[in-house]
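Chemist: There's a structure below that I have some questions on.
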Amino acid sequence: MARTIHSKLVRRHPHVFGDAAADTPGEVKSRWEDLKREQEQREGVFHDVPESLPALMHARKVQRRAASVGFEYPDLGGALADFESELEELRAELSGRSEPAAETAPDERVASELGDVLFAAVNVARRLNVDPELELRRASRRFVGRVERAEELATEHGETWTELDLEGQDRWYDLAKEERT
């Protein structure tokens, strides 16, 4: 087993154990992709992106793979512009529509546009070196904490959160948000 691992390490790292030159991390990565294609018969840009990944991780991995072959916006500004463009496309698709009832299936075109918005948001996160999975989890926790605190504040002032209208709930939510920011 040790020989197999040794052989694999030597084969996969010719810039360390052999004559291949790779002076930058980008050159190492490029050489690694070449080796995978040559030695392991891996094909295509997305050959190693598992479909089983959670959606945000999958999107990030797909974007990283595309970027590894030069297919990405040159800077954060491009990614942000794409995000804004996708958001505008969603708004355009929603224009003139009423909000669907909760029990109806989503409109395919609206769902597709929303998917594009989410994908573009993941790309912005990737450009900022932010893990979108972790940040979405943190945002969910912040939201839960704020709502729970808003409910406590309302109760402390003799109000029942679930009986308040949206304006009343929002007032307590804003106070809770100020406390926890």
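The values are calculated or read from the model by the stated rules, or taken from the named source; none is laboratory data. The structure displayed is predicted, hence computed values, not measured ones. Virtual Cβ from ideal backbone geometry, glycine too; neighbours counted across all protein chains shown. For accessibility, only protein heavy atoms count, side chains too; no ligands or nucleic acids. Shrake-Rupley method; radii C 1.70, N 1.55, O 1.52, S 1.80 Å.
Chemist: Could you tell me which residue of region 144-181 is farthest from Asp75 (Cα to Cα), considering only residues that are open to solvent by less than 60 Å² (accessible area, probe 1.4 Å) and outside any helix (DSSP H, G or I)?
Modeler: Step one: of region 144-181, the residues open to solvent by less than 60 Å² (accessible area, probe 1.4 Å) are 145-147, 149-150, 153-154, 159, 161, 164, 168-169, 172-173, 176.
Restricting the remaining residues to those that are outside any helix (DSSP H, G or I) gives 159, 164.
Numbers: Glu159: 49, Leu164: 45 Å.
Checking each candidate, the answer is Glu159.
Chemist: Among the candidates Ala67, Ala79, Ala92, single out the residue that is buried (at least 17 other Cβ atoms within 10 Å of the Cβ) and hydrophobic (A, V, I, L, M, F, W, C).
Modeler: Working: Ala67 fails: buried (at least 17 other Cβ atoms within 10 Å of the Cβ); Ala92 fails: buried (at least 17 other Cβ atoms within 10 Å of the Cβ).
Answer to the check: Ala79.
Chemist: Taking interchain pairs and intrachain pairs at least six residues apart, which have beta carbon atoms under 6 angstrom, with the first residue in region 118-129 and modelled with pLDDT of 95 or more and the second among the polar types (S, T, N, Q)?
Modeler: Within 6 Å, the pairs are Asn123/Gln63; Arg126/Gln63.
Chemist: Moving on to the next point. Among the residues of region 41-67 satisfying the criterion of being polar (S, T, N, Q) and more than 16 Å from Leu118 (Cβ to Cβ), which is modelled with the lowest pLDDT?
Modeler: Just the residues of region 41-67 that are polar (S, T, N, Q), to begin with: 41, 52, 63.
Filter once more, so that each one left must be more than 16 Å from Leu118 (Cβ to Cβ): 41, 52.
Numbers: Gln41: 61, Ser52: 93.
The selected residue is Gln41.
Chemist: Considering only region 130-143, how many residues are touching a residue at least 12 places away in the same chain (Cβ under 8 Å) and either touching a Gly at 6+ places or on another chain (Cβ under 8 Å) or not in a helix (DSSP H, G or I) (or both)?
Modeler: 1
Chemist: Which pairs have Cβ atoms under 8 Å, sit 6 or more apart or on different chains, and link a residue in region 158-171 that is among the aromatic types (Phe, Trp, Tyr) to one that is in a helix (DSSP H, G or I)?
Modeler: Cβ pairs passing all conditions: Trp161/Ala150; Trp161/Glu151; Trp161/Ala154; Trp161/Thr155; Trp161/Gln169; Trp161/Trp172.
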